Amino acid sequence: MLINIYHIIADNWLLLLIGQFPNGPLGGIAATLLLSILGIGLAFPLSILVALARLSPWPVLSWPATALVYVMRGVPLLMIIFWVYFLLPLLIGRIVPGFLAMVCTLVVYEAAFLSEIVRAGIQALPKGQMDAARALGHSHLSAMRYIILPQALYNMIPSILSQFVSTIKETTLGYVINVPELTFAASQINNQLLTQPFEVFFVLASIYFAVCWTLTQLTNWLERRIAAKRAGRGASELLVVDGVAVIKPETVQEVRQ
Amino acid sequence: MSSLDLSAILLKPEYSRMLLDGFEMTLVVAIGSWLLAMSLGILLLVIRLAPSRIADRAVAAYISYHQNVPTLVQLILWYFGISSLLPLGLQDWISVHNGEAIFAVIGLGLCQAAYFSEDLRSGLRSVAAGQMEAAKALGHSYVSAMRYVMMPQAVRNALPPLINHTVSLFKNSSLAVAIGVTELMHAVKEVENQSFRTFETYLIATLVYLVCSLLLMAVGAWLSRRSSPVGAT
């Protein structure tokens, strides 16, 4: 079995890494990472707008934003992929490749989830920050821009990174609409070999594990570092456990949801 | 495109039957894997509480694997990979008894058990250590203190993430379509192919998923409110 696994990797490492890239579409782990980076990168600015809309006192803004978040939290990602795959060609009037449909889906879906992280980050800051900024003559938006968001976004870096890990895991759903990414590459290999499904998909699971585990460790390290840094300033949000400052579990839990 | 006409799907017995059967299978997969996940999650927590480093490491590895590998990949590995390693007699038995659904329940259940177990563990850790000492001082044994003092508080603390993960388990049941389970997503594709009414079919399925998820969230919020101690915030 180990020899089979070795042969699968030795024969197909390029397909798993970049797909059929120079002669075909980008695939493999490169496409998976590109999908996740595009998804999170484009969703991030959108998510700040959604979070600000949700926190705004005007129902015209807060209602649609709240509705968007609840719909995305309540409907399976696969259903949203189907919607985008169906609606996007109608909107722009031509056939859409699976990759683009997947990026659009991830942007909408992740924007909703990231906006919850941003909202929790803003609400976790002491209220005095906003009051002090307003007292110094900032408008609501300018206080958000220069006082609240820079602090909130810094504290949110670990949560955003863990959302990035979730996104990597969610790109596997592209397999259902034949987006050439890592899972798709593995199923191609399986279709060629036919006799070693366990070995092929074991390799697939190991690659995902290696990528996501590394990023999770990085997230945990950043979380500890940022918590320690914040302990130097105000300790109101922090708890000291075994001499190490950590963000209160309630805060983390709220942010993680 | 013709105008929106939900009755073209809902009032046609063959289509509504397909969707209903699909929804029933979604519920079977979701409830079956929830039960498996919850019992396994509790078992993993109990193993972790035992004073053995090896057991602790093993459970940590189990959880790390299931949280870092995409759920869809786990399902594919079960259905295409692990099934091929089973003895032939068992393989035949499973494929006769709706093997897709069995592996979907196993895959989703084992995966979600990791999350449930972590939720319960952090719930338990947020109960003050003094509670255990006080219970023991009052004459409770370790097991009875766990049962009557620690766990009720731990479950209460763990309710919000448990509810969230229950909702995502329900949503993840749609992944079973990738290994050929005839659940709601599968029925949606069938009805869409036969009726050519994509918009209406998707809309109905989306509403079904949304209503179920919102109901779960509402029940969760009600449970949290009901179980929080009087006077506490």
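Couple of notes before you dig in:
- Spatially, segment B:87-142 and segment A:8-70 are offset by 31 Å when compared through their Cα centroids.
- 3J(HN,Hα) couplings calculated from phi for segment A:221-228 with the Karplus curve 6.51 cos²θ - 1.76 cosθ + 1.60 (θ = phi - 60°) are, in sequence order, 5, 4, 4, 5, 5, 5, 4, 5 Hz; Gly and Pro show x.
- Estimated purely from DSSP H runs of n ≥ 4, each contributing -39500 (n - 2.57), the mean residue ellipticity at 222 nm for the protein assembly as shown is -25500 deg cm²/dmol once divided by its residues.
- Helix A:77-92 and the long axis of chain A differ in direction by around 90°, with both axes built from C-alpha atoms.
- Among B:ALA205, B:ALA104, B:ALA137, the largest mean-square fluctuation in a Gaussian network model of chain B, built with springs joining Cα atoms closer than 10 Å, belongs to B:ALA137.
- Taking a sphere under 14 Å around the Cβ of B:THR71 and counting the other residues whose Cβ falls inside, with K and R at +1 and D and E at -1, yields a net charge of +1.
- FRET E, pair B:LEU27, B:VAL219, Förster distance 22 Å, beta-carbon r, rounded to 0.05: 0.90
- Take the Cα radius of gyration of chain A and divide it by 2.2 N^0.38 Å, N being the number of residues; the result is 1.19.
Each value in this text was obtained by applying a stated rule to the coordinates, not by laboratory testing. Bear in mind that the values here come from a model prediction, so they are computed numbers and not experimental data. Here Cβ is always computed from backbone atoms with ideal geometry, including for glycine, and neighbour counts include all displayed protein chains.
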